[in-house]
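Scroll down for the structure; my scribbles are underneath it.
The values are calculated or read from the model by the stated rules, or taken from the named source; none is laboratory data. Computed from a prediction, not measured in an experiment: that's the story for all the values here. Ideal geometry is used to build each Cβ from the backbone, glycine not excepted, and the neighbour counts take in all protein chains shown.
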Amino acid sequence: MDGVYRFLLTPRWWGINVFVLLAIPFCIFMGSWQLSRFEARVEAHRSADRQVETAKTEAARPLADLLPVDQSTSGQRATVTGRYAKQLLVPDRQVDGKNGFYVLTLLRTDSGKALPVVRGWLPGKADTAEAPAPPTGEVTVTGALQASETPGDDGVSSQGGLPSGQTAAISAASLVNLVPYSVYDAWITLDKADSGMTAVPATAPDNSGLDLKAFQNLGYTGEWFVFAGFVVFMWFRLLRREVEFARDAALGLVPDEDPDPDEAPGGEARQPTAAV
C-alpha cells in the first residue's frame, strides 16, 4: 500500500470504514422498503378503483352477506328491504366539483336496526324544504355499500353545532345520538337517486388511496437514499483531507509545534535571570 494511505490501517479508520460499509446497505434497504410501501399503496388505490367500477356491473347481494364492511366489500352493491324513517341532511358535500348536500334517510329493517341511505345530492345550501320526502310504505333499495365515515378524514366535516336535522358525518357513532334505535355501522348510496336528485358516486375503501401516508412513504424513500449519498460524500471528504495531510507531512510542509517559551534555542533550558 502507498505510504500515503497507511492511515487506512489505523484503528480510527477501521471504525470509520466499518460504519460506512454498514450504513450504506442499511440506508439503501430502508429506502427500497419505503419505496415498496409506496408502490403497494399505489396498487391498492388502482385495485380499489377497479373494484368500485366492477361492482357496478355485478348483481346486488343481501346486506347481511356483506357485513361488516371491509376493503373487500366496500363498494359492493347491496340490497335491503325496509321502511323509510327519519330524514337528515349532510351539508357541504361536493359532486362533480359543485357544493351541495346529501339527502340521508334512515331505512328501518325487519331487524329493528336502521340503515343510512343516501338517496341523492342537491346543490346549494342544506335546506329541508328542498329535500324531497322519502317514499312511504315498504321499499327495497339497491346501492353501493360504504363504510361509516370518520369526521375530519377525506373531506368529512368535523364541525359541531349544526342545525337540527343535519349531521356532519354518516356514521353509526354520530347517528345513534339522533335517533332512538340502533344504526348499522355502514351506509349505502342509491344506484339511482330519488325525485330528480343526483346520485352520489361510491368511493374507494379507506386506506387504499394515494393519501398522506402514501406520500410520506415516498418522502422517506428519498430521505434514506440521500442519507446513503451523504455517507459516501463524507467518507470521500475525510479520505481526501487525510491524504492531503499525509502528503504535506511527507514533504515537511506540516508546521512544527510552537517551542516552549521556557526552552532556550538548541534545546537547553533557559536560566532564570537573577533579580536586581
Against the condition under 16 Å from LEU63 (Cβ atoms) and in contact with a Ser or Thr (Cβ under 6 Å, 6 or more places away or on another chain), how does VAL139 come out, does it pass? no
Hey, ALA40 assigned to a loop (DSSP other than H, G, I, E, B), at pLDDT 80 or above, out of contact with any Cys (no Cβ under 8 Å at 6 or more places or on another chain) and of a type in the set (Gly, Ala, Ser) or not: no
Looking at segment 53-129, what strands (runs of 3 or more DSSP E) fall wholly within it and have at least 1 residues that are among the acidic types (Asp, Glu)? 77-95
Which one of these is buried (at least 16 other Cβ atoms within 10 Å of the Cβ), within 26 Å of the chain's Cα centre (by Cα) and not β-branched (Val, Ile, Thr): GLN94, GLN146? GLN146
Condition check for VAL200: surrounded by 14 or more Cβ atoms within 10 Å (Cβ to Cβ), at pLDDT 90 or above and within 29 Å of the chain's Cα centre (by Cα): yes
Only one of (1) at pLDDT 90 or above; (2) small (Gly, Ala, Ser); (3) surrounded by fewer than 16 Cβ atoms within 10 Å (Cβ to Cβ) fails for ALA23. Which number is that? (3)
When the residues of segment 97-119 are filtered to those that are crowded, with 22+ Cβ neighbours inside 10 Å and touching a Ser or Thr at 6+ places or on another chain (Cβ under 6 Å), which remaining residue is nearest to ARG61 (Cα to Cα)? VAL117
For a quick check of your reading of the model, give me the residue pairs whose first member lies in segment 7-23 and is of a type outside the set (D, E, K, R), whose second is part of a helix (DSSP H, G or I) and surrounded by fewer than 12 Cβ atoms within 10 Å (Cβ to Cβ), with beta-carbon atoms closer than 9 Å and at least 6 apart or on different chains. LEU8/TRP14
Answer yes if at least one residue in segment 76-92 is of a type in the set (Phe, Trp, Tyr) and in the same structural domain as TYR184 (by TED's automatic domain parsing), and no otherwise. yes
